[in-house]
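This report refers to the structure that appears directly beneath it.
Read-outs throughout are calculated quantities, based only on the coordinates presented, and are distinct from any laboratory measurement. For clarity, every value in this text was computed on a predicted model and none was experimentally measured. Ideal geometry is used to build each Cβ from the backbone, glycine not excepted, and the neighbour counts take in all protein chains shown.
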């Protein structure tokens, strides 16, 4: 225990040092919010990876692998090949070219006219739902890790971690998050393979998996008949994540901060490969842990118990720090996105216009405090169902994907179509959750309904051609500098 406490103390000191260093670099609100749009490729890869590599997916996904073997590989690793490659190919470069600060600003730039403001406002509210609630799932995952490795009850754990994250995040907002992410990702790249090696060597390797898993859970042939995690749920989860990430404000914030559009694109491609491999190693380690601990009552404890029972005290401390960083960095990342939405899309636009940078930095810090308090209230209710909680809080943000893609690749797509498509999706998904529709009938049907309404509205009211503002949007988003300089053509 002494070794683990010492390592935790050193870890805390490093985070404090990073926060102080970050605070010295935050000279203006754009620094606090987007690192002054100067994030280079190594830092971008680190922050993208650390922002995704989270305790909700890690602990929740690991529990699926403990129970159902290769189902967990689909659920936790392979889906990200599609999630992040599609992001890179569709929106990474346009987001950076547009010089926006939030997803709602994308809607403002693309959708004009008298319905522009309600369209933007609805996009703000939708993106805020996930960023406000999701950090509690990561905090719940952290409480499981600490409870197993240190024997500390969940309540003091979530309070202590929340207070620590708040104090550190208040220093410099996104710059603090970026510094933490780079540090965390370095730890992840080292110690996730170590965790895999520990599990592999102690369990006896791949041949031992047949002793604890049925053949169907060691094959990559789809398994359809599982109640909660059948292949229909895997496909739904993959589809929902593709839609979610296209509109994800915390990922958008990182892409917006990139120094160039090329860095934004290359960073996401590299991230696609690394996240898939890292999550794959975690899932395999969890499968091996079932060989070592076949009768766990709480599958979510598989990874932390593997660390506790099969590594030395010093290694436990280092792996504990790595797992804590996984949760803390993602929580701070999404907190930053939520704060950016509240300040840029709500306070700065509707309540406190044309204030100086210091006012908006202080407003951000107040929002951080309110957000931290609400995260505490939600966190303890998610322990035991972390992945399912994360799944259901993400369904609304996924509804923004269709209007984003249609707005980017279809000039005729109208503001009314974007607004009605979001409303239709939100109404359906709310009803589906209220009446406990099967999981595969929530997000996919909501997105499909959103698309049908958007397409039908555009075709029913085609208009006379894109407005000059829309032509200008496309010139910038597509990187047509010559077109942008000469101005839009006459419709």
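Some observations on this one:
- Ranked by the mean number of other Cβ atoms within 10 Å of their residues, highest first, the peptides 177-186, 104-113, 193-202 fall in the order 177-186, 104-113, 193-202.
- C-alpha center-to-center spacing [region 1-30, region 202-237] in angstrom: 40
- Nearest 10 degrees, 0 to 90: helix 116-150 Cα axis against the chain principal axis: 10
- Once the Cα-Cα distance is subtracted from the 0.36 nm per residue extended length, the residue 354 to residue 117 segment shows a gain of 83.5 nm.
- Computed extension length for residue 155-residue 235: 25.3 nm, one decimal, from 0.36 nm per residue of separation with the Cα-Cα distance subtracted.
- In terms of the mean number of neighbouring beta-carbon atoms within 10 Å, the peptides 216-222, 295-301 order highest first as 295-301, 216-222.
- The chain: angle of helix 415-434 to the longest principal axis, Cα-based, in degrees nearest 10: 30
- Of the peptides 137-149, 73-85, 16-28, the order by per-residue mean of other Cβ atoms within 10 Å, starting with the highest, comes out as 137-149, 73-85, 16-28.
- For the pair residue 37 and residue 211, a Förster radius of 45 Å applied to the C-beta separation gives a FRET efficiency near 0.25, rounded to the nearest 0.05.
- Modelled label reach - residue 273, point 7 Å along Cα→Cβ, region 46-70 residues with backbone N closer than 18 Å: 46-50
- Degrees separating the helix 313-340 axis from the principal Cα axis of the chain, which is the longest one: 20
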